Each structure stands twice: as structure tokens, then as C-alpha cells.
Amino acid sequence: MKPRGIVFLLNGAPLLLLLSVGLVFGVLSPRFLDPQNLGNIVVQSSSTAIVAIGMTFVLLTAGVDLSVGAIMFVAAATAGKLAAAGMGLPVVIGAMLAVGAGFGALNAVLVTRFAIVPFIATLALLYVGRGFALWLTETRSLALSPGFLTLGSGKLAGVPIPIWALAGFTVLAHLTLSSTPFGRQVYAVGQNREAARKAGVATGRILATVYIICGVCAAAGAIVSASQLGVVSATFGQNKEFTAIAAAVLGGTSLFGGRGRVFPGTILGAVLMQTIENGLVMLNANPYLYPLFTAGIIFLAVALDSLRNGLLAKWNRRAIRPV
């Protein structure tokens with residue numbers, strides 16, 4: 001029998017952590033709880049959250065995509081080149097999304113057709129993508145068009161455009177996973193791929209689709225991030241894959257597949273990551289300590305996931321034990 005209190009704490013861990021962190025920073029810096037700053041946290045986390053949404057799809061199948069940061073860099077570099085050539089905003093955005101879909105499809109081929117372990121396949125694409133983007137940009141910063149920057153600073157109905165973008169991806173992903181046959185098949189593949197295959201699920205097609213979705217989300221995250229920064233530098237998207245994984249796992253998505261939700265889980269995880277970074281800035285903390293805090297968050301995410309899986313496995317064994 002599952003203890004209800006422990007189940008509640010495990011399921012509510014992302015929200016409890018977010019509230020605890022917010023309370024601590026609010027006490028240490030009164031400016032942290034200013035409504036404008038809280039709004040900025042959501043806006044600043046939108047890029048990471050969109051990338052983490054795509055990562056959630058992959059993690060649910062017990063896979064991983066380490067190439068999302070490189071995909072973001074290639075997509076942003078493509079935008080910079082097209083902007084320099086005088087291309088319009090629709091063309092630039094379309095090209096960026098196409099880059100994301102193309103890299104996602106390449107990951108899908110490596111994982112499904114060549115049966116390469118996702119960790120290795122996507123790690124290789126990380127180096128290929130980042131190397132290609134460095135060649136494309138010649139390691140120089142690229143400025144984006146003024147029209148592109150309005151995506152990061154503009155508002156619709158008083159709400160920043162990045163939040164609208166995040167809301168759109170969140171609703172679409174949540175409904176896809178919770179209310180469609182495809183979503184149920186994604187969970188089935190993550191829980192037991194062989195059993196899903198025997199049940200008639202096209203596991204190869206499901207795996208290919210989630211990597212393409214992840215690539216498109218990475219490109220969409222690049223659109224939001226680049227529109228906020230205004231320039232594309234050689235470090236664009238660097239280590240974004242680890243932030244996205246940490247956000248998804250902190251939100252309750254299992255590294256072992258088959259369990260997790262985009263909303264509220266992954267979204268809370270991404271906001272938590274940005275909240276900590278914002279709080280450290282408010283406290284004027286040493287910037288060189290930021291990676292240590294990020295490492296601590298990732299460790300906490302993995303520890304929570306391992307604890308959750310261990311307890312669930314223990315309870316399941318008790319449930320099927322014969323009398």
C-alpha cells in the first residue's frame with residue numbers, strides 16, 4: 001500500500017521546491033517578490049520551458065536528446081545569416097523550425113534505423129551541430145533584424161509574446177500527451193517498449209516522432225531566446241540540453257521513461273531553474289558560483305527521480321505479492 005503522504009510529497013515536489021526557493025529569496029531580497037520581477041522570471045524561463053517540453057516527449061520514451069543546445073545554435077545562426085541577407089520574418093522563422101525538424105529527423109534515423117543508443121546518437125549530433133554553426137558564423141556574433149526583436153519585447157493583449165508562445169506549446173503538448181492515442185502510445189513505449197510492440201504499437205514511428213518534436217521545440221526555444229538577446233554568439237544554446245533535462249526531471253518526468261507531465265510538471269521545473277538564477281542575480285552572488293548551483297539542481301533532480309522510482313518499484317512488488 002502506498003503511503004499517501006509520501007506520494008503527495010513526491011508528486012508535489014516541484015511546486016514545494018518552487019515555493020520554498022521563492023520564499024527564501026523573498027526574505028533575502030525584498031525586490032525579488034516585486035510583481036514585475038516575478039513576471040520577468042516567467043518571460044525569461046519561456047525559452048528553457050519550450051525546449052524542456054520537447055525533452056519531456058523524449059524522456060517519456062526512456063530516451064534523451066543531448067543535441068538540443070546545438071540545434072538551437074544552428075537555428076539561430078541560420079536566422080542571423082538570413083537576416084543579414086534581408087529575408088523577411090516569416091522566412092526566418094520557417095527556416096529555423098525547418099532546421100529543428102531536420103536535426104530531429106536525423107536523430108530519429110540514428111536511433112530507430114541504425115539502433116544507436118540515444119545518448120551516443122544525440123551526443124554526436126551535439127558536436128556536429130555546434131561545429132557546423134561555428135563554421136556558419138565563423139565564430140562571430142550575428143545581429144538579428146529589428147522585426148525579429150519585437151518577438152522578444154512585444155506584447156499581445158498586454159501579455160509578453162514569449163509567454164503566449166510558451167502557453168501555446170504547453171497546451172498543445174499537454175493535450176497531445178493526455179488526450180490522444182499518440183500520447184498514450186508514448187507512455188506505453190516508455191514503460192515497456194517490447195510489450196508495446198507486441199500490443200501493436202509502431203514503436204519505431206513513435207520514437208521517430210518524439211525526436212522530431214524535440215527538434216522543433218529546440219528551434220522554437222531558439223526563436224524566443226534569440227528574440228530576447230538580439231544577437232547570436234558562439235555560446236548560444238550552450239549547455240541548454242542539461243538545463244532542459246533538469247527542468248523536465250525536476251517536474252516529475254522520469255529518466256527511466258513512462259512517467260511525467262508537461263503541465264504543471266515540466267513548466268514548474270523550468271520556472272524553478274530560472275527562479276534560482278534570478279534570485280542569485282538579485283543577491284549579487286558571485287557569477288562563478290552559478291554552475292555549482294546548477295549542478296546541485298541537476299543532482300537534486302536525479303536524486304528525486306531515483307527515490308521516486310525506487311519507492312514505486314517497492315510498492316508495486318508489495319501489491320503483486322501473493323497471499
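The values are calculated or read from the model by the stated rules, or taken from the named source; none is laboratory data. Just so you know, these numbers come straight off a predicted model, no measurement behind them. Neighbour counts are summed over all protein chains in view; Cβ atoms, including those assigned to glycine, are modelled from backbone coordinates with ideal geometry. Remember, those area values only see protein heavy atoms, side chains included, never the ligands or the DNA or RNA. Shrake-Rupley method; radii C 1.70, N 1.55, O 1.52, S 1.80 Å.
Can you tell me which of Thr203, Thr209, Thr180, Thr150 is among the polar types (S, T, N, Q) and within 20 Å of Val68 (Cβ to Cβ)? Walk me through it before giving the result.
On the way: Thr203 fails: within 20 Å of Val68 (Cβ to Cβ); Thr180 fails: within 20 Å of Val68 (Cβ to Cβ); Thr150 fails: within 20 Å of Val68 (Cβ to Cβ).
After ruling out the rest, the residue left standing is Thr209.
Does Ala208 satisfy the criteria of being surrounded by 20 or more Cβ atoms within 10 Å (Cβ to Cβ) and either free of Cβ contacts under 8 Å to residues at least 24 places away in the same chain or assigned to a helix (DSSP H, G or I) (or both)?
Numbers: surrounded by 20 or more Cβ atoms within 10 Å (Cβ to Cβ): no; either free of Cβ contacts under 8 Å to residues at least 24 places away in the same chain or assigned to a helix (DSSP H, G or I) (or both): yes.
Judged against the criteria, Ala208 is not a match.
Applying the selection to the stretch 108-117, what residues are open to solvent by 30 Å² or more (accessible area, probe 1.4 Å) and not in a loop (DSSP other than H, G, I, E, B)? Walk me through it before giving the result.
Filtering the stretch 108-117 down to residues open to solvent by 30 Å² or more (accessible area, probe 1.4 Å) leaves 109-110, 112-117.
Passing the criteria: Val109, Leu110, Thr112, Arg113.
Do the conditions hold for Ala270, that is, is it under 18 Å from the mean Cα position of the chain (by Cα) and either aromatic (Phe, Trp, Tyr) or at pLDDT below 90 (or both)?
Working: under 18 Å from the mean Cα position of the chain (by Cα): yes; either aromatic (Phe, Trp, Tyr) or at pLDDT below 90 (or both): no.
Spelling it out, it is not the case that Ala270 is under 18 Å from the mean Cα position of the chain (by Cα) and either aromatic (Phe, Trp, Tyr) or at pLDDT below 90 (or both).
Can you give me the number of residues within the stretch 80-96 that are over 19 Å from Ser233 (Cα atoms) and surrounded by 15 or more Cβ atoms within 10 Å (Cβ to Cβ)? Break it down stepwise before answering.
Residues of the stretch 80-96 over 19 Å from Ser233 (Cα atoms): 86-91, 94.
Keeping just the survivors that are surrounded by 15 or more Cβ atoms within 10 Å (Cβ to Cβ) gives 87, 89.
Final tally of qualifying residues: 2.
Given the criterion open to solvent by 30 Å² or more (accessible area, probe 1.4 Å), touching a helix residue (DSSP H, G or I) at 6+ places or on another chain (Cβ under 6 Å) and touching a residue at least 24 places away in the same chain (Cβ under 8 Å), identify the matching residue among Ala77, Ala105. Working first, answer last.
Details: Ala77 fails: open to solvent by 30 Å² or more (accessible area, probe 1.4 Å).
Residue meeting the stated conditions: Ala105.
β-branched (Val, Ile, Thr), open to solvent by less than 60 Å² (accessible area, probe 1.4 Å) and not in a helix (DSSP H, G or I), is that true of Val99? Spell out the reasoning first.
On the way: β-branched (Val, Ile, Thr): yes; open to solvent by less than 60 Å² (accessible area, probe 1.4 Å): yes; not in a helix (DSSP H, G or I): no.
No.
Identify, by number, the condition in (1) within 30 Å of Pro264 (Cα to Cα); (2) open to solvent by less than 40 Å² (accessible area, probe 1.4 Å); (3) in contact with a Phe, Trp or Tyr (Cβ under 6 Å, 6 or more places away or on another chain) that His174 doesn't meet.
Just one mismatch for His174, condition (2).
On the given criteria, is Gly26 assigned to a helix (DSSP H, G or I) and touching a Leu at 6+ places or on another chain (Cβ under 6 Å)? Lay out the reasoning, then the answer.
Values: assigned to a helix (DSSP H, G or I): yes; touching a Leu at 6+ places or on another chain (Cβ under 6 Å): yes.
Here the answer is yes, as Gly26 does meet what is asked.
Being touching a residue at least 24 places away in the same chain (Cβ under 8 Å), of a type outside the set (A, V, I, L, M, F, W, C) and either in a helix (DSSP H, G or I) or buried (at least 24 other Cβ atoms within 10 Å of the Cβ) (or both) is the filter here; which residues of the stretch 29-38 pass it?
Arg31, Asn37
Within the stretch 220-252, count every residue that is over 16 Å from Gly104 (Cβ atoms) and in contact with a Phe, Trp or Tyr (Cβ under 6 Å, 6 or more places away or on another chain).
Selection size over the stretch 220-252: 2.
I'm trying to understand the selection: among the residues of the stretch 223-237, which are under 15 Å from the mean Cα position of the chain (by Cα) and either under 17 Å from Gly154 (Cα atoms) or in a strand (DSSP E or B) (or both)? Steps first, answer last, please.
Step one: filter the stretch 223-237 for residues under 15 Å from the mean Cα position of the chain (by Cα), giving 223-225, 237.
Hits for the stretch 223-237 are Ile223, Val224, Ser225.
Specify the residue that is least open to solvent (accessible area, probe 1.4 Å); the eligible residues are those in the stretch 277-303 that are touching a helix residue (DSSP H, G or I) at 6+ places or on another chain (Cβ under 6 Å) and under 14 Å from Pro14 (Cβ atoms).
Across the stretch 277-303, the extreme among qualifying residues is Ala301.
When the residues of the stretch 243-262 are narrowed to those that are at pLDDT below 90 and part of a helix (DSSP H, G or I), which ends up surrounded by the fewest Cβ atoms within 10 Å (Cβ to Cβ)?
Ranking the qualifying residues of the stretch 243-262, first place goes to Ala246.
How about the stretch 49-72: which of its residues are of a type in the set (Val, Ile, Thr) and open to solvent by less than 10 Å² (accessible area, probe 1.4 Å)? Lay out the reasoning, then the answer.
Taking the stretch 49-72 and keeping what is of a type in the set (Val, Ile, Thr), we get 50-51, 53, 56, 58, 61, 64, 68, 71.
Matches in the stretch 49-72: Ile50, Val51, Ile53, Thr56, Val58, Thr61, Val68, Ile71.
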